[in-house]
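Visitor: Quick one: the structure is below, and I'll ask about it shortly.
The values are calculated or read from the model by the stated rules, or taken from the named source; none is laboratory data. The shown structure was predicted, so the numbers you read here are calculated from the model rather than taken from an experiment. Here the Cβ positions follow ideal geometry from the backbone for every residue, glycine too, while neighbour counts run over all protein chains shown. To get the accessible areas, we keep the full protein, side chains included, count just its heavy atoms, and leave off ligands, DNA and RNA. Shrake-Rupley method; radii C 1.70, N 1.55, O 1.52, S 1.80 Å.
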Amino acid sequence: MRTRKLLTAMTVFALMLAGGCGSSSSGKSDPASAGGKLVVYTPNSKEIVAEIVPAFEKKTGVKVEVLEAGAGEILTRVKAEANSPSADVLFGAVRDQFDKYFEKYVSPNDKYLQKASRNVTGLATAYISNGSVLLVNDKLEGSHKIQSYEDLLRPELRGKIAAGDPATSSSAFAQLTNQLKAMGGNYTSRKGWDYVGSLIKNLDGKVASSSSAVARGVADGEYTVGVTYEEPAANYVK
């Protein structure tokens, strides 16, 4: 298998680390000073969680309790728990429409990020740069190479494309915005939305339950190509 970066100039920071759930009036104390645990909600892949969480625990001595779920499910929980938050940190997920549920926090390391990636709102710190990619199973691809969004409309790929639901998956939402820009020039053009409509038809009613399921489906040979992001794709290529 292999990954192909699409539209590198449009690489997005779809995964962000938010400063904390709830507000200062919630009564939650600092886990580091209280010797307690940190509750983290995350839609991230198991590989990212397995690398970052143990390193944090080792460095700080704070135990982390992780709840893993899709981005849509997690943000629904954050909204439902607004008056009595259960989580301390949202680790991943596009959350622009949910800003009111988070405290402001700017990491002291924010200054070391590239200028375009810095926390300018006080609400989200970028921790990984993830470009949207197509993950191709080259054993199933055949001689007609899959190299672009336009290629996804080919009839022979009907029902063989793995893609998530933009309403519940932050990586699928990032792919949607990329497709609109790449195929239509902006987010509102008829040309871009016509492309999205055609792609939906070529999915043949198949929508992956999560971003991790997209990459896994391609790796297992269930699909020929997956519309996903770089981190899980790179792990399967390895």
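Visitor: Being open to solvent by 50 Å² or more (accessible area, probe 1.4 Å) and closer than 21 Å to Val207 by Cα, is that true of even one residue in the stretch 128-145?
Guide: Yes, there is a match, as at least one residue in the stretch 128-145 is open to solvent by 50 Å² or more (accessible area, probe 1.4 Å) and closer than 21 Å to Val207 by Cα.
Visitor: Can I ask one more? Under 8 Å by Cβ, and 6 or more places apart or on different chains, what pairs join a residue from the stretch 190-203 that is within 15 Å of Asn178 (Cα to Cα) with one that is surrounded by 12 or more Cβ atoms within 10 Å (Cβ to Cβ) and among the basic types (Lys, Arg)?
Guide: Taking only residues 6 or more apart or on different chains, the pairs are Gly192/Lys181.
Visitor: Please state which one of Ala93, Ala82 is in contact (Cβ under 8 Å) with a residue 24 or more places away in the chain, more than 20 Å from the chain's Cα centre (by Cα) and part of a loop (DSSP other than H, G, I, E, B).
Guide: Ala82
Visitor: Considering only the stretch 163-172, I want to know if a residue exists there that is at pLDDT 90 or above and either open to solvent by 30 Å² or more (accessible area, probe 1.4 Å) or touching a Leu at 6+ places or on another chain (Cβ under 9 Å) (or both).
Guide: Yes, there is a match, as at least one residue in the stretch 163-172 is at pLDDT 90 or above and either open to solvent by 30 Å² or more (accessible area, probe 1.4 Å) or touching a Leu at 6+ places or on another chain (Cβ under 9 Å) (or both).
So that you can scan it fast, the table gives a plain yes or no per residue for (1) in a loop (DSSP other than H, G, I, E, B); (2) farther than 20 Å from Arg154 by Cβ; (3) hydrophobic (A, V, I, L, M, F, W, C); (4) touching a His at 6+ places or on another chain (Cβ under 6 Å):
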| residue | (1), (2), (3), (4) |
| --- | --- |
| Ser198 | no, no, no, no |
| Gly205 | yes, no, no, no |
| Ala215 | no, yes, yes, no |
| Val218 | no, no, yes, no |
| Gly221 | yes, no, no, no |
| Val227 | no, no, yes, no |
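Visitor: Looking for whichever is assigned to a helix (DSSP H, G or I), more than 21 Å from the chain's Cα centre (by Cα), of a type in the set (S, T, N, Q) and at pLDDT below 85 here; the options are Ser29, Ser33. Which one fits?
Guide: Of Ser29, Ser33, the one residue that is assigned to a helix (DSSP H, G or I), more than 21 Å from the chain's Cα centre (by Cα), of a type in the set (S, T, N, Q) and at pLDDT below 85 is Ser33.
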